[in-house]
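The values are calculated or read from the model by the stated rules, or taken from the named source; none is laboratory data. The model shown is predicted, which means the values in this text are computed figures rather than measured ones. Every residue, glycine among them, receives a Cβ derived from its backbone with ideal geometry; neighbour counts consider all protein chains shown.
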Amino acid sequence: MGMADAATALFTRHLKFDPADPYWPDRDRFILSAGHGSMLIYALLHLTGYERPTLDDLRNFRQLHSPTAGHPENFELAGVEVTTGPLGQGVAMAVGTAIAERHLNAVYSDDLVDHWTYVIAGDGCLMEGVNHEAVGLAGHLKLGRLIVLWDDNEITIDGSTDLSRNEDVVARHVAAQWHVTECDGLDADDVSRAIEEAKADSRPSLIRCKTIIGFGAPNKQGTAATHGAALGKDEVEAARAELGLEPKEFTVPNDILSAWRAFGQQGAAERASWLERLEASGTKQEFLDRISGKADESWLKPYVDGLIGNPPTVATRKASEMALEVINAAVPSTIGGSADLTGSNNTKTKALQPLTADNYGGRYIYYGIREFGMAAAMNGMALHGGVIPYGGTFLVFTDYARPAIRLSALQKAKVIYVMTHDSIGLGEDGPTHQPIEHLQSLRAMPGLNVFRPADAVETAECWALALASQEPSVLALTRQNLKPVRTEAVDGNLCARGAYRLKAAGNARKVIILATGSEVEIALAAAERLEGQGIGTDVVSMPSSELFDAQPAAYREDILPDVSNREILRISIEAGTTFGWERYTGLHGLRIGIDRFGVSAPAKDAYEFFGLTPEAVAMRVLDHMKARGIQ
Ligand SMILES: Cc1ncc(C[n+]2csc(CCOP(=O)(O)OP(=O)(O)O)c2C)c(N)n1
Ligand SMILES: [Mg+2]
């Protein structure tokens, strides 16, 4: 209610959109970062003539199967660009949509890409830590196409903002090289004037809209009581009287509705002329393919053939860089980056130029030490469309980026996280930097591909899978060198199965060892020892447990015969928590991993200390077989 006038100014006088084609690529992006105010965007979409939400949808606000979810969800309604609700992330994603817009503008010119990103943000969005990262990044990249309208109502859930904030929000934005202006948020003309001013400035803009929360509810406005709780019948009626609205619920007077529908049609002519420009551009198909997220896949086979012919002993972070050299040439929509660990994450390939305020055409972003801001920006870039963002940090710092990784998964944002230093194998940096629970906790997240490749071939295959997936992916990569485990040519992408038999038992099969990433070579060497004692051992590489779980039952049964079969012992080896591995080993199996924090030591010593060596593994397997009476 407090931002209704500001939103009216934006939607009727500035925002470029066409409800007849909500995904028109050159539309302006509107992001309601204050997602708890979802009814504002639902009302705007309804009034301007989007197919949904209908009046019935509005009646069914927050009910099961209604698209008018508690918070705006991009997968529920066209016109909702990104999913918001976790405060702060809307602004941070908007930084990404603004980056994508400028980049594509540099590639395709004003004719095809020339639009703005508008945000409505509350006090909460500006208080969250990620806001500081987002504001810093946007200021640095001089994202003048980004305009944030701040609903400055001085109220949050607990009451007055005086309870928890005394910082000068405006000064903070000015310090971050933003343009800031103020307006009366309850006066559409004044808001519109401020938007004009913001558009004329080449910096990102914050418009401080002075508002009253719950404006129009005569007895409750200006208080936290209007934040989320229902106003109640009496106060709703009083508000209707105060605002001069129809007394009947869910009715929009005809003259008001037709005026809004007319506003909704203002963009049609602009879209028509854009379509003409697209036809005349000579790049129509390429542009549309890019927007649809297509990525060339023909690079994989020749590249893998080359690796098989000459298998390298490299860290998988290096293998990732090698794959990226080929991918970045074949897939022009990739935009790489790192949160200040470029040389460690191996994310920058030779030909990539930095994306900067002076060169938006570049394809590599120095995000600075802003893991959360980077991840949220990548969500915005991916959902803008036309670019496939990938970005790196250490796997342990997925914790810093986690709320945005979760939103990548929820929103099906095609973001690729290049997470290196994926275990104690990073060595001397010690337990603060050594991930333990991270792989399993990421695997527990729905809708996220977690890949942990074992060598250069698997790394390339996992990259191909990540690029082909519509879901986000995490690539967990080593710092330390790994021996090649895939040295024979095969048809197709073995990692697509999630897990596959890398080595079949020579003797009668008694043991199946499942391993991921750097532990696959340990599994192979341990298996050799066991075979030497007549114990047939399969080694299964499992780069993705999610993809394995999605295989047909017969395939899973072939790789892992019935879990209740106690004649075959199943072992898992992963240099991280053993938590969760019982789903593949069964309770009577053996889980080899690390259920404590790591140690600061050279990688080799750390592996020895934790018993992650072929000798120690073979010993534990033999002991376990003896204890269980397996011959
Ligand atoms: C990350 C996060 N923390 C907490 C919440 C719960 N929450 C929803 S709205 C809100 C207060 C927001 O205040 P403000 O942005 O000023 O919104 P207003 O009350 O003015 O509408 C809180 C704490 C949330 N949605 N996201
Ligand atoms: Mg507020």
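Conditions (1) hydrophobic (A, V, I, L, M, F, W, C); (2) under 25 Å from residue 105 (Cβ atoms), marked per residue:
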residue	(1), (2)
321	no, no
338	no, yes
346	no, no
349	no, yes
352	yes, yes
364	no, yes
369	yes, no
375	yes, yes
400	no, no
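With respect to residue 491, determine if the residue is in a loop (DSSP other than H, G, I, E, B) and surrounded by 24 or more Cβ atoms within 10 Å (Cβ to Cβ). Against the criterion (in a loop (DSSP other than H, G, I, E, B) and surrounded by 24 or more Cβ atoms within 10 Å (Cβ to Cβ)), residue 491 does not qualify.
Would you mention how many residues in the stretch 488-526 are at pLDDT below 95 and of a type in the set (Ser, Thr, Tyr)? Within the stretch 488-526, residues that are at pLDDT below 95 and of a type in the set (Ser, Thr, Tyr) number 0.
Looking only at the stretch 524-552, filter to residues that are of a type in the set (Asp, Glu) and without any contact (Cβ under 8 Å) to a residue 60 or more places away in the chain; which one of those is nearest to residue 584 (Cα to Cα)? Among residues in the stretch 524-552 that are of a type in the set (Asp, Glu) and without any contact (Cβ under 8 Å) to a residue 60 or more places away in the chain, the one nearest to residue 584 (Cα to Cα) is 549. Restricting the stretch 122-135 to residues that are under 20 Å from the mean Cα position of the chain (by Cα) and buried (at least 20 other Cβ atoms within 10 Å of the Cβ), which is farthest from residue 384 (Cα to Cα)? Filtering first and then ranking leaves 128. A search for C-beta distances below 6 Å between a residue of the stretch 119-140 that is at pLDDT 95 or above and any residue that is of a type in the set (D, E, K, R) and within 8 Å of ligand 1 (Cβ to nearest atom), counting only pairs 6+ apart in sequence or on different chains, returns 122/151.
Take the conditions among the charged types (D, E, K, R) and loosely packed, with under 13 Cβ neighbours inside 10 Å and apply them to residue 284. Does it pass?
No; evaluated as a whole, the condition is false for this residue.
Criterion applied to 225, 217, 239, 194 was being part of a helix (DSSP H, G or I), surrounded by 18 or more Cβ atoms within 10 Å (Cβ to Cβ) and touching a Ser or Thr at 6+ places or on another chain (Cβ under 9 Å), and the one residue passing it is 194.
Table: residues versus (1) more than 16 Å from ligand 2 (Cβ to nearest atom); (2) without any contact (Cβ under 8 Å) to a residue 40 or more places away in the chain; (3) in contact with an Asp or Glu (Cβ under 7 Å, 6 or more places away or on another chain).
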| site | (1), (2), (3) |
| --- | --- |
| 158 | no, no, no |
| 188 | yes, no, yes |
| 198 | yes, no, no |
| 219 | yes, yes, yes |
| 227 | no, no, no |
| 234 | yes, yes, no |
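Has the stretch 148-171 got any residue that is of a type in the set (Gly, Ala, Ser), away from ligand 1 (no atom under 16 Å from the Cβ) and closer than 21 Å to residue 377 by Cβ? There is no residue in the stretch 148-171 that is of a type in the set (Gly, Ala, Ser), away from ligand 1 (no atom under 16 Å from the Cβ) and closer than 21 Å to residue 377 by Cβ.
Within the stretch 23-30, identify whether any single residue is within 16 Å of ligand 1 (Cβ to nearest atom), out of contact with any Lys or Arg (no Cβ under 7 Å at 6 or more places or on another chain), of a type in the set (Asp, Glu) and part of a loop (DSSP other than H, G, I, E, B), and answer yes or no. Among the residues of the stretch 23-30, not one is within 16 Å of ligand 1 (Cβ to nearest atom), out of contact with any Lys or Arg (no Cβ under 7 Å at 6 or more places or on another chain), of a type in the set (Asp, Glu) and part of a loop (DSSP other than H, G, I, E, B), which makes the answer no. Listed by first and then second residue, the pairs with beta-carbon distance under 6 Å, at least 6 apart or on different chains, first residue in the stretch 620-631 and closer than 15 Å to residue 568 by Cβ, second in a helix (DSSP H, G or I), form an empty list. Pairing residues of the stretch 264-286 that are farther than 23 Å from residue 50 by Cα with residues that are among the hydroxyl-bearing types (Ser, Thr, Tyr) and surrounded by 14 or more Cβ atoms within 10 Å (Cβ to Cβ), at Cβ distances under 7 Å and at least 6 apart in sequence or on separate chains, gives 283/108.
Close contacts from the stretch 16-41, counting a first residue that is touching a residue at least 40 places away in the same chain (Cβ under 8 Å) and within 17 Å of residue 386 (Cα to Cα) and a second that is part of a strand (DSSP E or B) and aromatic (Phe, Trp, Tyr), with Cβ to Cβ under 8 Å and a gap of 6+ residues or different chains, come to 28/118; 29/118. Among residues of the stretch 149-191 being in contact with a helix residue (DSSP H, G or I) (Cβ under 6 Å, 6 or more places away or on another chain) and part of a strand (DSSP E or B), the one that is farthest from residue 117 (Cα to Cα) is 159. Scanning the stretch 102-121 for residues that are closer than 11 Å to residue 205 by Cα and more than 16 Å from ligand 2 (Cβ to nearest atom) yields 117, 118. Residues that are part of a loop (DSSP other than H, G, I, E, B), over 22 Å from residue 194 (Cβ atoms) and within 14 Å of ligand 1 (Cβ to nearest atom) within the stretch 113-147 comprise just one, 128.
Consider residue 248 carefully, then state whether it is surrounded by fewer than 18 Cβ atoms within 10 Å (Cβ to Cβ), farther than 19 Å from residue 155 by Cα and among the charged types (D, E, K, R).
For residue 248, the condition - surrounded by fewer than 18 Cβ atoms within 10 Å (Cβ to Cβ), farther than 19 Å from residue 155 by Cα and among the charged types (D, E, K, R) - is met.
All of (1) more than 16 Å from ligand 2 (Cβ to nearest atom); (2) touching a residue at least 12 places away in the same chain (Cβ under 8 Å) hold for residue 208 with one exception: (1). Just one of the listed residues (607, 555) is out of contact with any Cys (no Cβ under 6 Å at 6 or more places or on another chain), in contact (Cβ under 8 Å) with a residue 12 or more places away in the chain, among the aromatic types (Phe, Trp, Tyr) and buried (at least 16 other Cβ atoms within 10 Å of the Cβ), and it is 607. Scanning the stretch 15-30 for residues that are in contact with a strand residue (DSSP E or B) (Cβ under 9 Å, 6 or more places away or on another chain) and either crowded, with 23+ Cβ neighbours inside 10 Å or small (Gly, Ala, Ser) (or both) yields a count of 3.
Checking 144, 124, 129, 136 one by one, the residue that is within 13 Å of ligand 2 (Cβ to nearest atom) and either in contact with a strand residue (DSSP E or B) (Cβ under 9 Å, 6 or more places away or on another chain) or over 22 Å from residue 30 (Cβ atoms) (or both) is 124 and no other. Would you confirm whether any residue within the stretch 40-61 is within 16 Å of ligand 2 (Cβ to nearest atom), modelled with pLDDT of 95 or more and under 23 Å from the mean Cα position of the chain (by Cα)? Checked the stretch 40-61: no residue is within 16 Å of ligand 2 (Cβ to nearest atom), modelled with pLDDT of 95 or more and under 23 Å from the mean Cα position of the chain (by Cα). Within the stretch 393-410, does at least one residue satisfy the condition of being within 19 Å of residue 496 (Cα to Cα) and either in contact with a Phe, Trp or Tyr (Cβ under 6 Å, 6 or more places away or on another chain) or in a loop (DSSP other than H, G, I, E, B) (or both)? Checking the stretch 393-410: not a single residue is within 19 Å of residue 496 (Cα to Cα) and either in contact with a Phe, Trp or Tyr (Cβ under 6 Å, 6 or more places away or on another chain) or in a loop (DSSP other than H, G, I, E, B) (or both). Restricting 8, 12, 68, 97 to those that are buried (at least 17 other Cβ atoms within 10 Å of the Cβ), of a type outside the set (Phe, Trp, Tyr), touching a helix residue (DSSP H, G or I) at 6+ places or on another chain (Cβ under 6 Å) and in a loop (DSSP other than H, G, I, E, B) reduces the list to 68.
Of 245, 288, all but one fail to be among the hydrophobic types (A, V, I, L, M, F, W, C) and either within 16 Å of ligand 1 (Cβ to nearest atom) or closer than 26 Å to residue 386 by Cβ (or both); the exception is 288.
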